[in-house]
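The values are calculated or read from the model by the stated rules, or taken from the named source; none is laboratory data. Here the structure is a predicted model, which is why all the values come from computation and not from measurement. Cβ atoms come from the backbone with ideal geometry, glycine included; neighbour counts cover every protein chain shown. We work out accessible area using only protein heavy atoms, side chains counted, and drop any ligands, DNA or RNA first. Shrake-Rupley method; radii C 1.70, N 1.55, O 1.52, S 1.80 Å.
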Amino acid sequence: MDYHFGKPYFVLTKPCGSTCNLRCSYCYFIDKASGRIDDALLSHFIQDYISSQPTENVLFIWHGGEPTLMGLDFFKRAVRLQRQYAGRRHVDNALQTNGTLLDGPWCEFLHDHGFLVGLSIDGPPSLHDTYRKNPAGQPSSPRVLHAIELLERYGVEWNAMATVNRLNADHPKAFYHYLKSVGCRYIQLTPVVERTDHGDMTPETVTPRQWGRFLTEIFDEWVATDIGTYFVETFDATLANWCGVEPGICSFAATCGKALALQPNGDVYSCDHFVDDAHKLGNIRHQPLATMAFSRRQNDFGRAKQSLLPPACKQCTYLFACRGGCPKDRMDNGLNYLCQGFQTYFAHVTDAMNIMRDRRNAGLEVSAIPLKP
């Protein structure tokens with residue numbers, strides 16, 4: 001067996017699978033299995049996950065579908081179980097949600113137990129509501145904005161989990177200004193890259209050209225005025241690779257595979273973008289999580305990101321920064337669908353990244369530099 005115990009791993013826990021109260025047209029998970037994790041399996045998972053972590057800090061990531069459909073009492077049970085099994089370890093929780101079910105009791109609980117909330121929001125209502133509707137076709141932005149008001153009122157730390165799609169990609173500044181206007185200081189960007197059953201790109205999929213222009217236009221404003229005040233995960237990860245530091249985004253890392261996906265029946269998969277029979281690692285009812293996380297099969301999955309790079313990637317000036325991108329976005333020729341956009345972005349930010357790297361390596365405050373693109 002090819003185990004490498006001693007390193008932390010993560011599990012995107014999907015307690016109700018793909019079940020969701022919205023019908024976002026670009027959702028990549030809607031066709032996966034749904035259900036509800038039972039109390040016995042929840043207890044088993046929490047004990048196994050905590051005990052198998054080599055670090056003092058343990059992070060639970062609650063994902064979906066829409067995890068708040070499990071109800072507040074479910075998360076109260078989860079927190080009690082975490083306390084029961086934590087021992088001397090410190091447990092943190094992150095909840096990714098569309099926000100439409102959050103209310104006062106929810107936000108009071110999230111604040112009291114230190115949850116970090118990742119809130120799905122794609123910009124102002126005119127951009128957000130086109131793809132993010134409920135099953136009746138009604139817009140979700142009024143409920144999302146109400147959720148933001150409640151999160152702010154109760155002092156809950158939250159990030160924007162934003163997709164970049166065919167629509168909002170044409171409005172980068174409006175998107176960025178709006179998120180800042182509603183109080184968001186941490187922005188995570190996920191490009192929508194999805195295919196139809198026939199292999200064509202879906203209408204919601206961002207084009208490579210759009211992706212490159214979207215990143216560069218936001219970067220120009222961020223680098224000139226917002227360093228140290230607003231945080232865009234893509235820019236942080238780019239700087240990390242420029243400095244030779246492990247980035248915070250798995251898509252920018254040399255290898256992947258240390259973020260598993262857990263379905264409500266206990267099935268474990270290599271990644272939540274690869275929840276299919278070919279990437280099923282086992283079931284926590286029968287196998288320890290760490291055994292699956294550090295198995296030869298999972299290690300091979302993680303290393304394939306690098307080993308299967310095409311020659312064009314290996315010869316690319318920006319391989320150190322991009323690492324080939326997320327494997328789910330690779331085309332039949334092995335190239336990332338967004339390659340052209342990434343190249344535009346990396347070429348655009350090179351001078352600024354060099355300055356920030358040099359300042360950081362010299363022990364100086366990067367945020368103090370009035371950088372200009």
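Contour minus end-to-end for Ala224 and Asp92, with contour as 0.36 nm per residue of separation and end-to-end as the Cα-Cα distance?
44.2 nm
Once label points are set 7 Å from the Cα along Cα→Cβ at both Ser181 and His286, what is their separation, rounded to one decimal in nm?
Here the modelled spin labels are 5.4 nm apart.
Compare the peptides 125-134, 282-291 by average per-residue count of other Cβ atoms within 10 angstrom and give them in order, highest first.
Averaged packing, sorted descending, gives the order 125-134, 282-291.
Compute the separation of the alpha-carbon centres of segment 97-161 and segment 219-255 and state it in Å as a whole number.
If we compute the Cα centre of each part, the gap is 25 Å.
With a 10 Å cut-off between alpha carbons and a GNM built on the chain, which of Ile121, Ile355, Ile46 moves the most?
Of Ile121, Ile355, Ile46, the most mobile in the Gaussian network model is Ile355.
Only Cα pairs under 8 Å and at least 6 apart count here; give the relative contact order of segment 262-339 as a rounded whole percent.
For segment 262-339, the relative contact order is 20 percent.
Just need the relative contact order of the chain here, percent rounded to a whole number, with Cα pairs under 8 Å and 6+ apart.
For the chain, the relative contact order is 18 percent.
Using a 1.4 angstrom probe with every protein chain in place, what is the largest-first accessible-area order of Lys180, Lys258?
Lys258, Lys180
Quick one: ranking Tyr176, Tyr186 by accessible area, 1.4 Å probe, largest first, what do you get?
Descending accessible area places them as Tyr186, Tyr176.
Antiparallel as a % of all DSSP beta bridges within the chain, to the nearest 5?
25 percent
Per the helix-only calculation at 222 nm, which mean residue ellipticity applies to the chain, given -39500 (n - 2.57) for every DSSP H run of n ≥ 4 and division by its residues, nearest 500 deg cm²/dmol?
-11000 deg cm²/dmol
Under a Cβ-Cβ cut-off of 9 Å, what is the net charge of the residues other than Asn57 that fall near it, where Lys and Arg count +1 and Asp and Glu count -1?
Summing Lys and Arg as +1 and Asp and Glu as -1 gives -1.
In whole angstrom, how far apart do the alpha carbon centroids of segment 175-216 and segment 19-86 sit?
Going from one Cα centre to the other spans 26 Å.
Using heavy-atom solvent-accessible surface (probe 1.4 Å) with all chains present, what is the largest-first order of Lys280, Lys14?
Lys280, Lys14
So, for segment 84-213, what is the accessible surface per residue at a probe of 1.4 Å, expressed in square angstrom?
With the other protein chains kept in place, segment 84-213 gives 44 Å² per residue.
For percent of Cα pairs over 38 Å apart, which listed value, [x] 16; [y] 20; [z] 26, comes from the coordinates shown?
Identified label for the calculated read-out: [x].
Which entries of Lys32/Lys305; Lys32/Lys328; Lys14/Lys76 have Cα-Cα distances beyond 20 Å here?
Lys32/Lys305
Net charge within 10 Å of Asp122 by Cβ-Cβ distance, Lys/Arg positive one each and Asp/Glu negative one each, not counting Asp122 itself?
0
How long is the gain from Leu145 to Asp39 if the chain were fully straight, where each residue apart is worth 0.36 nm and the alpha carbon distance is subtracted?
Contour length minus the Cα-Cα distance gives 34.9 nm.
Measuring from label point to label point, each 7 Å out along Cα→Cβ, what is the Gln84 to Glu365 span in nm?
4.8 nm
May I ask you to give the percent of accessible area on segment 170-247 that is carbon plus sulfur, with a probe radius of 1.4 Å?
In segment 170-247, the share of accessible area belonging to carbon and sulfur is 49 percent.
Using Cα pairs closer than 8 Å and at least 6 residues apart in sequence, work out the relative contact order for segment 5-62, in percent.
It comes to 55 percent, rounded to a whole number.
Taking the full set of protein chains and a 1.4 angstrom probe, give the accessible area of His177 in square angstrom, rounded to the nearest 10.
Accessible area, nearest 10 Å²: 90 Å².
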